[in-house]
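Take a look at the structure below.
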Amino acid sequence: MSLLRTPFKPLLAALAAIAIVAFTACGREEDDLSNGKAQFVQKCGSCHELGRAGTQGQTGPSLDAAFRAALADGMNRDTIEGVVHRQIGNVRRNSKMPADLVTGDDARDVAAYVAYATGKTGEDTGALAQAGLSGATTGAQIFTAAGCGGCHQLSEAGTNGNIGPSLNELASAAGEREPGQSASEYVHESIVDPDAVTVSGYNAGVMPSYEGKLTEKQLDALVQYLLGG
Ligand code: HEC
Ligand code: HEC
């Protein structure tokens, strides 16, 4: 056996050398999975389901399901990382998915996180558990981390989503939407039970429910933020 192995050694060494060059050429040692997760939740989650990231978007394919067969066939996670990275930079023409939502290190981190998380059940642990939505505390952070801006315009947050109504005038509109409900009751309900009331001109069933995705504290902070403090 040892005779058989020897000829491969130089090849392995050469491959290892290439791998090291490839790594240092990127200027960083390691992918930052926490950043990848945070960016994913914010920029991709409104369209893609990914269990570990807690996202439930339905516009694009589930990124848990997308790689299930490939993983079962033995495709390794590095290869998946490459597939995701390519998809971010090269979406097919006329796709609903915007190209280059994340670039450079962010794109690599997102690809690395998706490759790490896809098809996994359970919850992220350690530092990763705090990345993305679970680590967000202020209303502005939560709005960004939850990916609300992918669908909603809100000038204060610098977002321009147009799948849902603009939230710029929410403070004045919210108190009028449902008789007997205060503005904050209505906004709270809109987030945990979006189909309770459907804003005219928009479709029900598009906005995901954030029930169980946000703590009560996060919900309160978000509602206050949306109502202008
Ligand atoms: C506005 C919705 C939207 C956003 C935002 C979005 N995507 Fe997509 N994505 C899609 C759609 C729709 C497809 C289906 C294929 C196509 O149209 O190109 C897709 C396809 C993919 C695929 C290929 C899946 C497969 O089954 O082959 C990957 C991987 C992917 N997206 C990753 C991402 C990542 C990572 C981000 C964030 C940087 C992102 N997407 C943001 C809508 C979106
Ligand atoms: C995938 C797109 C999508 C995402 C993501 C999304 N929303 Fe929505 N949202 C909608 C749509 C569509 C409507 C209008 C239909 C309805 O009332 O359910 C809506 C309605 C609302 C309303 C009611 C607005 C009004 O004028 O009465 C509020 C408030 C709201 N969303 C807040 C949020 C917040 C906060 C988040 C993030 C935690 C969020 N949305 C994430 C699509 C989305």
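Nothing in this text is a laboratory measurement; each read-out follows from the coordinates by a stated rule. The shown structure was predicted, so the numbers you read here are calculated from the model rather than taken from an experiment. Virtual Cβ from ideal backbone geometry, glycine too; neighbours counted across all protein chains shown.
Worth pointing out:
- Taking label positions 7 Å along the Cα-Cβ direction at both D78 and A171, the computed distance is 5.4 nm, reported to one decimal.
- Sequence-distant aspartates and glutamates (8 or more away, or on other chains) whose Cα lies within less than 17 Å of K120: E49, D64, D73, D78, E81
- Toward the positive end of the charge dipole of segment 33-133, with +1 on the Cβ of Lys and Arg and -1 on the Cβ of Asp and Glu, the farthest Cα among G45, S95, I80 is that of S95.
- Shape of segment 33-133, Cα gyration tensor, a/c cut at 1.5: rounded
- Taking the Cα centre of the chain as reference, the dipole from Cβ charges on Lys and Arg (+1) and Asp and Glu (-1) amounts to some 1120 debye.
- Charge tally in the Cβ shell below 15 Å around S182, where Lys, Arg are +1 and Asp, Glu are -1, S182 excluded: -4
- Exposed trypsin sites (Lys or Arg not before Pro) absent - longest run of the chain, DSSP non-H/G/I/E/B, at most 12 other C-beta within 10 Å: 97-229
- Cα extents for the chain along the principal axes, largest to smallest and rounded to whole angstrom: 83, 33, 29.
- Cβ crowding within 10 Å ranks V223, V83 as V83, V223, fewest other Cβ atoms first.
- Counting only lysines at least 8 places from K96 when in the same chain, those with an alpha carbon closer than 25 Å to its own are K37, K43.
- With both labels modelled 7 Å from their Cα along Cα-to-Cβ, the R93 to S182 distance reads 5.5 nm.
- Three semi-axes of the equivalent ellipsoid, segment 136-226, Cα gyration tensor, whole Å, largest first: 18, 15, 13
- Amide H contacts of T55 (H built 1.01 Å from N, in plane; Pro and chain starts excluded): L50 sit under 5 Å, all sequence-distant by 5 or more or on other chains.
- Inter-label distance for D193 and A70, nm, one decimal - labels placed 7 Å from Cα along Cα-to-Cβ: 4.0
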